[in-house]
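Contents: one structure, followed by commentary.
The values are calculated or read from the model by the stated rules, or taken from the named source; none is laboratory data. Every value quoted in this text rests on a predicted model; they were computed, and no experiment measured them. Cβ coordinates were reconstructed from backbone atoms using ideal geometry, including for glycine residues, and neighbour counts include every protein chain displayed.
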Amino acid sequence: MANSLFIMRHGEASPGSPDSARRLTPQGEQEAITMASWLASRQSRGQLGALKVVASPFTRAQQTANTVAKALGASVETYPSITPEDSPQAVCDWLVEQEGDILLVSHMPLVAALAGLLVEGRMDRGIGFPTAAIAELEADVWAAGCARLTRFTEPRQVVG
């Protein structure tokens, strides 16, 4: 039976230092709200099951994940190895051990490289991820080239 993975980039963030403490801009907060509402409406129509929400420890990813989790009636788990420069292969190895459908909130370039690795078998084949965009993947096993991209949605495509 196929599992689903939702790979989400955090909403737009303010510049600053240190990188890990950057916060969402007002636009980034709105992007997170838009996508959270969209996922919740799909869930209420029976189009999505329960999602485990997992986020990078960086502030902007935590803010995005908390907005989504609240809309879905879920909690946020923090996984320290999904920050911008972490290894997509290490994330694949971690995914194999997980059960159920997951919403992973992380950063560029990791989200693009992870999607590329899972779908195309190559990290350099990633998708460009606008802020708060979500790639939906399905796979029987989370390994290089074994997933199917079933949907890609960004906030500007979601109508109120």
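Can you tell me which residue in region 122-135 is surrounded by the most Cβ atoms within 10 Å (Cβ to Cβ), limited to those that are of a type outside the set (A, V, I, L, M, F, W, C) and modelled with pLDDT under 95?
GLY126
Please specify each residue of region 100-147 satisfying the condition of being part of a loop (DSSP other than H, G, I, E, B) and more than 24 Å from GLN43 (Cα to Cα).
Selection gives HIS107, MET108, PRO109, GLY121, ARG122, GLY126, ILE127, GLY128, ALA143, ALA144, GLY145, CYS146.
Within region 99-113, which residues are touching a residue at least 60 places away in the same chain (Cβ under 8 Å) and not acidic (Asp, Glu)?
Passing the criteria: GLY100, ILE102, LEU103, LEU104, VAL105, SER106, HIS107, MET108, VAL111.
Looking at region 55-69, can you tell me whether even one residue there is farther than 19 Å from ALA135 by Cβ, charged (D, E, K, R) and at pLDDT 95 or above?
Looking for residues that are farther than 19 Å from ALA135 by Cβ, charged (D, E, K, R) and at pLDDT 95 or above, one finds none in region 55-69, hence no.
Residue-wise test of (1) closer than 26 Å to GLU31 by Cα; (2) aromatic (Phe, Trp, Tyr); (3) at pLDDT below 95; (4) over 12 Å from the mean Cα position of the chain (by Cα).
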site: GLU77; (1), (2), (3), (4): yes, no, no, yes
site: ILE82; (1), (2), (3), (4): yes, no, no, no
site: ALA90; (1), (2), (3), (4): no, no, no, yes
site: MET108; (1), (2), (3), (4): yes, no, no, no
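Tally up the residues in region 71-83 that are surrounded by 16 or more Cβ atoms within 10 Å (Cβ to Cβ) and either of a type in the set (Val, Ile, Thr) or over 24 Å from ARG42 (Cα atoms) (or both), please.
Of the residues in region 71-83, 4 are surrounded by 16 or more Cβ atoms within 10 Å (Cβ to Cβ) and either of a type in the set (Val, Ile, Thr) or over 24 Å from ARG42 (Cα atoms) (or both).
Give all pairs with beta carbons closer than 8 Å in which a residue from region 51-74 that is in a loop (DSSP other than H, G, I, E, B) meets a residue that is basic (Lys, Arg); count only pairs at least 6 apart in sequence or on separate chains.
Sorted first by the residue in region 51-74, then by its partner, the pairs are PHE58/ARG22; ALA74/LYS52.
Does ARG22 count as farther than 22 Å from LEU114 by Cα and exposed (fewer than 12 other Cβ atoms within 10 Å of the Cβ)? Quick ask: steps written out before the conclusion?
On the way: farther than 22 Å from LEU114 by Cα: yes; exposed (fewer than 12 other Cβ atoms within 10 Å of the Cβ): no.
No, not satisfied.
Just the residues that are in contact with a Lys or Arg (Cβ under 8 Å, 6 or more places away or on another chain) and either of a type outside the set (Gly, Ala, Ser) or at pLDDT 95 or above (or both), please, taken from region 93-104.
GLN98, ASP101, ILE102, LEU103
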